[in-house]
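Computed from the coordinates by the stated procedures, all read-outs in this text should not be read as laboratory data. Please read these numbers as outputs of a predicted model, since none were measured by experiment.
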């Protein structure tokens, strides 16, 4: 039996209605700096998931510590992880359903910067490269190299089951994801 509390959530339209009604909100974006620079909800403040602590959140609050803190990411997964982490530290947090993708789709105010390669795409590129290269090397050089695509496959299954991706965690710490410019593309 798990002692985790369920994560509360709110739709972007419900959050927008609160803001339209004059409520000041604290909205924390837990994506990488590169993703944040590409596009983010106008009132959001950046606190990447890998650097997120209760103390770092309290430093950026515009209201007091007991107020509700709204957490947003790209689509909701990392936001849910951040909420679980902050709930266990005693903070009152709510995940924004659909994340920044839903925020922009609803026509709410966003700030756009340079286009970057999303963390999700980076994971697919790295995983695909490792599987392809590992399979070729295993077939033509040494069959022991097939351990690499097997390991990547097991990692992807684990990520799907637990909603925690070790490769994404490692890629989020890469220098190109720490700068505002990020891994850029011209698409």
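Per DSSP H run of n ≥ 4, the term is -39500 (n - 2.57); total these for the chain, divide by its residue number, and report the mean residue ellipticity at 222 nm rounded to 500 deg cm²/dmol. Before the final figure, lay out each step's value.
On the way: 9 runs with 90 residues, N = 187.
Roughly -14000 deg cm²/dmol at 222 nm, from the helical runs in the chain.
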query = With a Cα-only, solvent-free Debye model of region 119-178, what are the log10 I(q)/I(0) values at q = 0.30 Å⁻¹?
reply = -1.14
request  = State the extension gain, in nm to one decimal, for the chain segment bounded by residue 106 and residue 162, taking 0.36 nm per residue of separation less the distance between their alpha-carbons.
outcome  = 17.3 nm
query = What full-extension length gain, to one decimal in nm, is calculated for residue 55 and residue 125 as 0.36 nm per residue of separation minus the Cα-Cα distance?
reply = 21.8 nm
ask   = Once the Cα atoms of helix 147-162 and of the chain are each reduced to a long axis, what angle between those two axes, in degrees from 0 to 90 to the nearest 10, is obtained?
value = 20 degrees
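Using only Cα atoms, figure out Rg for the chain and give it as a multiple of 2.2 N^0.38 Å. Don't skip to the end; give the middle numbers.
Values: Rg = 18.6 Å, N = 187, 2.2 N^0.38 = 16.1 Å.
Here the Cα radius of gyration is 1.16 times the empirical estimate.
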request  = Starting from the exponent 0.38 and prefactor 2.2 Å, build the expected Rg for region 72-129 from its residue count and divide its actual Cα Rg by it.
outcome  = 1.37
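Using the Kirkwood radius built from alpha carbon pairs, what does the Stokes-Einstein equation give as D for region 8-112 at 37 °C and 0.692 mPa s, in µm² per second? Can you show the working numbers first?
Details: Rh = 13.3 Å.
The diffusion coefficient I find is 247 µm²/s.
Classify region 43-96: rounded, prolate or oblate, from the alpha-carbon gyration tensor (a ≥ b ≥ c, eigenvalue square roots; a/c under 1.5 rounded; otherwise prolate if a/b is larger than b/c)?
Values: a/c = 1.42, a/b = 1.31, b/c = 1.09.
Since a/c stays below 1.5, the shape of region 43-96 is classed as rounded.
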